[in-house]
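First up is the structure itself, then whatever we jot down about it.
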Amino acid sequence: MNKITIKTCHSYYLLVLLLISFSFPVFSQSDTVNIDQVEITSSRIPSLYSESSRIVNIITKEQINNAAVKDIHDLLKFAVGVDCRQRGVDGVQSDISIRGGTYDQVLILLNGIPLNDPQTGHHTLNLPVDIQNIQKIEVLEGPACRIYGPNAFSGAINIITGNDLDKNLVLSLHGGEHNLMGGFLSYAQQYKNIHNYISFSRKKSDGYTSNTDFDITQFFYQSAMKLNNAKIDFQAGYTDKAFGANSFYSSKYPNQFENTKTTFLGLKLNAKHGIIDAMYNIYWRRNQDRFELFRNNIDAPNWYKNHNYHLTNSIGGNFNYSLKSKLGKTAFGGEFRNEGILSNVLGEALNDTVSVQGESNALYTRGHARQNISFFIEQSYNIKNFTASAGLLANWNSDFDWKAYPGIDFSYQITKKIKFIGSVNESMRVPTYTDLYYSSATNIGNPNLKPETSLTYELGAKYLGNAIDFHLVAFRREGKNLIDWVKYPDSTKWESKNITKVNTNGIEVSANVNCLKLTKNKHFFIDNFSLSYSYLDATKVENAFVSKYVMDYLVHKADFSLKHKIYKNFFAVWNLSYQDRNGTYLEYETGNEKKYLPILLVNPKIVWQYHSLQTYVEASNILNTDYYDYGNIKMPGRWISGGLKLDLNLNQKK
């Protein structure tokens, strides 16, 4: 890969400007959020953040707006307990893991509806929403199978959209180095009891090095209708990503290209039947993927006959009933999901081939479909300062047998602000179609894989005050039959296997401080700051193989975020992340095994806000750190960009 060369004079100017910004007085006040009153979905029974016995990290709308990032992928890179490994920037492709799990072990939801792709976790973050659509993000750390169903193995991330009716027209434009340019437009309108919201965004760039260009389009529509005792929510989205995939899956072929098109529909009904609160969901997600090992067939050898084509469809529905009684809070319900794939690479041979839509002379020759049914029950009970919530998920998959996954969360309120928490939960994940069927010159799939399971223990404490939100937690995850791609010493191929056992121990500490509330001074220099640190240690019982994913995790991760005022309508935001990764990779140029080096990423942002207009300039990786999230795929150095955003209320009376 060529060494990245960019002009640095503007970068140093920006750094100097940010540094001297600390010397100015302050004259403005930022908005604050009462986090303890935020409703979260970390259990089958809706509860407030202050009531939860689990570690749920909430990224608020204000934090999203202020962060020195342009997309959800970069935002999650600085989130507590999250490892976001990128192959491409600005939302091209990222793999998300929580607490040392793999990228297939995290469940991603949009407004409570699962988005995971059955082909591979590489496509799970093909989201139809722009970062400006998001109202908040809930990151539930630890097993969530009992709460969200299968595949929430090591955690879940629920992305919740929303908008403010007093700012019903939003327009933003941004641009930067490497011919980066993008725009976002959204409109919200309320008519009687119906609320409609629509948005469109597009961004593109020539890329920071050869074959890293991208062109991404997103469309999202959401409506809500309130009835007497019910509310109906409908959402629809579409995203189209076309990008150069330089060395994404093999360093031997740097001129790879990929195009994914994802469609999503969801319908939710909240209703009240007497003392019972009911929720019903139905959804459909379609992902079409075209992968070119040789972009546009340039320099393709004779043995290369076809691109890889995949089409997945996920259709599902669920129902959830909850009620309160003398026994406490009770919830029960069920879910159905059908996952199908058509491909010319993955699956079993089809009796009749299927034409690939939009492609000439391309056929789907393989495929598979599976069904998943689950039922759950959960009971929560409170005795004075002690609260416990226990539940059970019974799950059946057409490729596997019935299996039950129990769990319990509990807490003890020591004082008004201090709570002791603990949990014991089982979890599971079924293999993806890539795990089962992908075979190539360097890979061997395994159609006989079993679901991976885990038992996780967690103990900790939470402090929730008016100005400080703090938690300290330790956990142990005992994983069985974990799915990984492994290579044995006498082999040249990676094989998909169920690893006998992997135990992961970890600790995490996090603090969020609102300085305006803490000092009771709205003119205080620092608005807020947050600091978190996590440590992980994983051991595998069998050591005769090299692990590609399971043993490749962040041993140390420390994140720091700071927002402070500069002068009048100017303020600055700093996002820092220190990452020290376990694992090695084979350096393509030399063939030598190389260890991942610790990295420090610093993203600053300066904002000028005046009524409905906001302008900003930001820098990704301002220290110009050389780093790799995945071996041999070098991430960009310093990248300067800027933009403006306009929030208007067209309905405001004069």
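Computed from the coordinates by the stated procedures, all read-outs in this text should not be read as laboratory data. These figures come from a predicted structure and were not determined experimentally. No Cβ is skipped: glycine too gets one built from the backbone with ideal geometry, and neighbour counts run over all protein chains shown.
Here are the numbers:
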{"quantity": "Radius of gyration, Dmax [the stretch 117-173; alpha carbons; angstrom]", "calculated": "14.7, 42"}
{"quantity": "Ellipticity estimate at 222 nm from DSSP helix runs (n ≥ 4, -39,500 (n - 2.57)) divided over the chain, nearest 500", "calculated": "-1500 deg cm²/dmol"}
{"quantity": "Entries in K497/K594; K568/K605; K501/K594; K487/K557; K450/K480 that, when Cα-Cα distance is taken, lie over 18 Å", "calculated": "K497/K594; K501/K594; K487/K557"}
{"quantity": "Dipole magnitude of the stretch 171-289, debye to nearest 20 (Cβ charges: Lys/Arg +1, Asp/Glu -1, about Cα centre)", "calculated": "540 debye"}
{"quantity": "Unsatisfied cross-links (Cα-Cα over 26 Å) in the set K203/K261; K462/K565; K272/K416", "calculated": "K462/K565; K272/K416"}
{"quantity": "Descending principal axes extents, the stretch 250-301, alpha-carbon based, whole Å", "calculated": "68, 18, 10"}
{"quantity": "Mean separation of Cα contacts under 8 Å (6+ apart) over length of the chain, as relative contact order %", "calculated": "12 percent"}
{"quantity": "Qualifying trypsin sites (Lys or Arg not before Pro) in the stretch 444-523, DSSP loop, other Cβ atoms within 10 Å at most 12", "calculated": "K520"}
{"quantity": "Equivalent-ellipsoid semi-axes of the stretch 388-486, from the Cα gyration tensor, Å, largest first", "calculated": "38, 17, 10"}
{"quantity": "From the C-alpha gyration tensor of the stretch 578-619, square roots of 5λ in Å", "calculated": "41, 11, 7"}
{"quantity": "Label assignment, semi-axes √(5λ) of the Cα gyration tensor in Å derived from the structure, set [x] 63, 29, 25; [y] 44, 31, 25; [z] 35, 32, 26", "calculated": "[z]"}
{"quantity": "Pairs from K305/K493; K77/K548; K324/K520 whose Cα-Cα separation, in the structure shown, is over 30 Å", "calculated": "K324/K520"}
{"quantity": "Calculated P(r) of the stretch 205-302 - Cα pairs past 22 Å, %", "calculated": "52 percent"}
